[in-house]
Amino acid sequence: MYSSTAVVTGGAGFLGSHLCDKLLEKNFKVICVDNLSTGNTDNISHLSGNDNFSFIKHDVTNYIFIPGEVDYILHFASPASPIDYLKLPIQTLKVGSLGTHKALGLAKEKKATFLLASTSEVYGDPKIHPQSEDYWGNVNPIGPRGVYDEAKRFAEALTMAYHRYHGIDTRIVRIFNTYGPRMRPDDGRALPTFIGQALKGEDITVFGDGSQTRSFCYVSDLIDGIYKLLMSKETDPVNIGNPDEITVKEFADEVIQVTGSKSKIVFEQLPIDDPKVRQPSIEKARKILGWEPIVDRKKGLEKTIKYFVGLSKS
């Protein structure tokens, strides 16, 4: 018997689908809402026979109607990789603004707890390192990445307004680079791109000189942190990510090593406003949630590569 009902917007996406799995594992009834603009039903097909799971194809920038009681709303709907939000700039802005507004309206109507999936991109190209939750960020609102960065910053502001004005019980998670099975090979981010190129024996394309840094968190660690945040009473933003920082060039070398590829690294021009550094401060998550990542990057990479190999064979 299920204990609570949760609505997951963007639930057919990479992170959303793993979140659906986690909530079902915790005996929730889960309603997945996704318009499939970047999500894919393949990510949730294994849940089709589960009586506690249902899927609604719907664009959350329009009014969201869910009958019956709802205890939790987790708003994960949004294009989340540069290739997607540069291709869908207006949809990205709309889902961060109108979509968040509609999801918060549902939380208000149902008296439900609301969790917003925000991003480390609210920090922009940061002037402080590592990034902690009290840093306000360095974002170019009119640059090409601004459509995603500002959509998420607005979503955070709207979430806090609903919390303060309407008394909604809210959570905000700032998600740092995450990887694992169900990532799209063509989503344009460094990790799936590098793995795809290495598996095909193609040149690996590194932007800039490869000295910019990223911090990669395996998906199971991230989902565990999000669940702990949902169950907490913390209403201010919390970083969830892995502070194990690596340069993009070092990471490309690591992918070549783990895949056993003969790929060479080639360098291309750095995209506009690409962050030079990215590393979460997770002291708040450690202290408040008792959470920290446990999956070693090499182990996580091996699992992710296995998934990509399986995709290429199917």
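A short reminder: the numbers here are calculations on the coordinates, not readings from a lab. Note that the coordinates shown come from a computational prediction; the quantities given were computed from them, not determined experimentally. Please note: Cβ atoms are built from the backbone with ideal geometry, for glycine as well, and neighbour counts cover all protein chains shown.
Sort 191-200, 268-277 by packing, meaning the average of other beta carbons within 10 Å per residue, with the highest value first. Walk me through the numbers before you get to the answer.
Numbers: 191-200: 19.9, 268-277: 13.3.
Final packing ranking: 191-200, 268-277.
Nearest 20 debye, what's the magnitude of the dipole of the chain about its Cα centre given +1 on Lys and Arg Cβ and -1 on Asp and Glu Cβ?
Values: 38 positive and 39 negative charges, 76 e Å.
For the chain, the charge dipole is close to 360 debye.
Is there a quick way to get the dipole size of the stretch 129-280? I mean about its Cα centre, with the Cβ of Lys and Arg at +1 and of Asp and Glu at -1; what is the value in debye to the nearest 20? Let's see the in-between values first.
Working: 18 positive and 23 negative charges, 60 e Å.
About 280 debye.
Using θ = phi - 60° and the Karplus form 6.51 cos²θ - 1.76 cosθ + 1.60, what ³J(HN,Hα) does each residue of the stretch 58-64 get, whole Hz, x for Gly and Pro?
Working through the residues one at a time gives 7, 8, 6, 6, 9, 3, 9 Hz.
Say a paramagnetic label sat at a point 7 Å from the Cα of residue 307, along Cα to Cβ; which residues of the stretch 162-180 have their backbone N under 20 Å from it?
The answer is 174-180.
So between residue 132 and residue 62, what do we pick up on full extension, going 0.36 nm a residue minus the alpha carbon distance? Don't skip to the end; give the middle numbers.
Details: separation 70, 0.36 × 70 = 25.20 nm, distance 3.38 nm.
That pair, residue 132 and residue 62, stretches by 21.8 nm at full extension.
What is the spread of the Cα atoms of the stretch 198-243 along each of their three principal axes, largest first, in whole Å?
Its Cα atoms span 47, 23, 12 Å along the three principal axes.
What is the packing order of peptides 213-222, 256-265, 163-172, taking the mean over residues of other C-beta atoms within 10 Å and listing the highest first?
Numbers: 213-222: 22.4, 256-265: 14.7, 163-172: 16.8.
Going from most to least packed, we get 213-222, 163-172, 256-265.
Just add up the charged neighbours of residue 270: K/R +1, D/E -1, any other residue whose Cβ is under 13 Å from the Cβ of residue 270. Show your work: numbers first, answer last.
Details: positive: 145, 249, 276; negative: 125, 209, 268, 273, 274.
Local net charge: -2.
If you line up the long axis of helix 219-230 against the longest principal axis of the chain, both from Cα atoms, how many degrees apart are they, to the nearest 10?
Orientation of helix 219-230: about 30 degrees from the principal axis.
Using the count of nearby Cβ atoms within 10 Å as a rough guide to exposure, how do 286, 182 rank from fewest to most?
Values: 286 11, 182 20.
So the residues, fewest neighbours to most, are 286, 182.
Explain nothing, just compute: Karplus ³J(HN,Hα) = 6.51 cos²θ - 1.76 cosθ + 1.60, θ = phi - 60°, for every residue of the stretch 250-263 in order, whole Hz, x for Gly and Pro.
For the stretch 250-263, the Karplus curve yields 4, 5, 4, 4, 5, 4, 4, 5, 5, 7, x, 7, 9, 4 Hz.
For the chain, what does the helix formula give at 222 nm: sum of -39500 (n - 2.57) over DSSP H segments with n ≥ 4, over the residue count, nearest 500 deg cm²/dmol? Walk me through the numbers before you get to the answer.
Values: 9 runs with 108 residues, N = 314.
After summing the helix terms and dividing by the residues of the chain, the value is -10500 deg cm²/dmol.
First check a/c for the stretch 82-212, with a ≥ b ≥ c the square roots of the eigenvalues of its C-alpha gyration tensor; if it is under 1.5, answer rounded, and if not, answer prolate when a/b is larger than b/c or oblate otherwise.
On the way: a/c = 2.23, a/b = 1.80, b/c = 1.24.
Taking the square roots of the gyration eigenvalues as a ≥ b ≥ c, the stretch 82-212 is prolate.
Once you have all Cα-Cα distances for the chain, histogram them in 10 Å bins from zero and send the whole-percent values.
With 10 Å bins starting at 0, P(r) equals 6, 28, 37, 23, 6, 1.
Express the C-alpha Rg of the stretch 1-138 as a ratio against the empirical globular expectation 2.2 N^0.38 Å, rounded to two decimals. Working shown, then result.
Numbers: Rg = 15.6 Å, N = 138, 2.2 N^0.38 = 14.3 Å.
Normalised by 2.2 N^0.38 Å, the Cα Rg of the stretch 1-138 equals 1.09.
What does the highest-first list of 156-162, 7-13 look like by mean Cβ count within 10 Å?
On the way: 156-162: 17.9, 7-13: 28.1.
So the order, starting with the most tightly packed, is 7-13, 156-162.
Starting from a Cα-only point model with no solvent, please compute log10 I(q)/I(0) by Debye for the stretch 220-314 at q = 0.24 1/Å.
Here the Debye-derived log intensity ratios amount to -1.21.
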